[in-house]
Amino acid sequence: MLYIGCHLSASKGFLAMGKQAFDIGANTFQFFTRNPRGGAAKAIDEKDVKAFLEFSKEHGFGKIVAHAPYTLNACGADERVRNFAFEAFCDDLQRMEYVPGNYYNFHPGSHVGQGAEKGIELIADLLNKTLFPKMTTTVLLETMAGKGSEVGRTFEEIRAVIDRTELNDKLGVCLDTCHISDGGYDIINEPDKVLEEFDRIIGLERLKAIHLNDSMNPPGSHKDRHAKIGEGHIGFDALMKFIKHPALDGLPINLETPNDIEGYAREIAMIKAAY
Ligand code: FE
Ligand code: FE
Ligand code: ZN
C-alpha cells in the first residue's frame, strides 16, 4: 500500500490540509506544528479536528506526520535553547493527542561543539522529560545529513538516543532519503544493504515514515539541500526502487522537495504511476 503526500501549510487547519492533500492525489501529508522559526502554536479547533478525522477516514488516509520546528534543538549549548525545545515539545505532544495515533517528527539536534556523545545525552534527556505513558503519538527521530554538528547522521547515533530513552516504545524513525544519501549511505547503488544496516542497528520495526527527497549534492556531501524528484544526484529510478522495498510498505511517504502545490501534484502523480 502506498501512502504518498507532501509537506503542506497548516495555516488553515486540519480539514483544509486533508482536502488539499486529497485534491493533489495524496493520502497522507506532513505539516509544521508551529511556525518553523518557533513561536506559539495556533489553538486547536476541535470541530476542525473532528471534521478532518472523518474526512481522512472516509478517504483512506494513512498516518499523518507533524514536524517540529527547525529551531527546536534538544541539545543546544545554551539553556534557553534547550528550554524552548522542552516547552515546544511538551506543548506539541499534548496537542497531538487531538489527532491520536499519528507521528511527531523532529530533528534530533545539533550539539554545537559539545560533541555527539553530549548531544545524544541531552536529546534523551528531553525525551525522558516529555514522553508520557498514555500518549498515543509515536515520536520520530529524523535521520540527518550531518550538516554542521547535527546528531543523527548515523544509525548508531539514533540507536544511542533510543537506548537512553526510558519510554522508547514511543519512539520511531523517519528516514529522509536526501539526508541519508548526503550522510553517506549509498541508497543509489545499494538500497537493500542500507536497509539491512538500518535493521541491524536500529531495527526495521522502528522505521515509521519516509521523507522522499532527491539531493542537490552527491552522496556523503553532508549538505542537506533537497532537489525535486529525478532532478538530483539520487535520481528517480533509485528513489522508486527504494520506496518499493517491502520494509517501506504502508509507511507515510512525504515529499519535501522545492515545489509549489502544482509541482507536488505532478510529483505525486509521477510516483503513483511508477509504483
Ligand atoms: Fe525534517
Ligand atoms: Fe526531512
Ligand atoms: Zn532536509
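Is the shape of the stretch 1-78 best called rounded, prolate or oblate, per the rule: a/c under 1.5 gives rounded, else a/b larger than b/c gives prolate, else oblate, with a ≥ b ≥ c the square roots of the Cα gyration tensor eigenvalues? Since a/c reaches 1.5 and a/b is larger than b/c, the shape of the stretch 1-78 is classed as prolate. The apolar share of the surface of the chain, taken as the fraction of accessible area on carbon and sulfur atoms (1.4 Å probe, ligands and nucleic acids excluded), comes to 50 percent.
Scalar couplings 3J(HN,Hα) for the stretch 50-57, obtained by applying the Karplus form with A = 6.51, B = -1.76, C = 1.60 to θ = phi - 60°, are 5, 5, 5, 4, 5, 4, 5, 5 Hz; x denotes Gly and Pro. Based on protein heavy atoms only, the stretch 215-265 ends up with 45 Å² per residue of surface accessible to a 1.4 Å probe.
Against the empirical curve 2.2 N^0.38 Å, the C-alpha radius of gyration of the stretch 3-274 lands at a ratio of 0.94. For Ala77 and Asp260, a Förster radius of 22 Å and the Cβ-Cβ distance give a FRET efficiency of 0.05, rounded to the nearest 0.05. For Tyr104, the residues 5 or more places off, or on other chains, whose built amide H falls under 5 Å of its own are Ala66, Thr138, Val139, Leu140. Across the chain, Cα pairs under 8 Å and at least six residues apart give a relative contact order of 18 percent.
The values are calculated or read from the model by the stated rules, or taken from the named source; none is laboratory data. The shown structure was predicted, so the numbers you read here are calculated from the model rather than taken from an experiment. Neighbour counts are summed over all protein chains in view; Cβ atoms, including those assigned to glycine, are modelled from backbone coordinates with ideal geometry. These area figures cover heavy atoms from the full protein model, side chains too; ligands, DNA and RNA do not enter into them. Shrake-Rupley method; radii C 1.70, N 1.55, O 1.52, S 1.80 Å.
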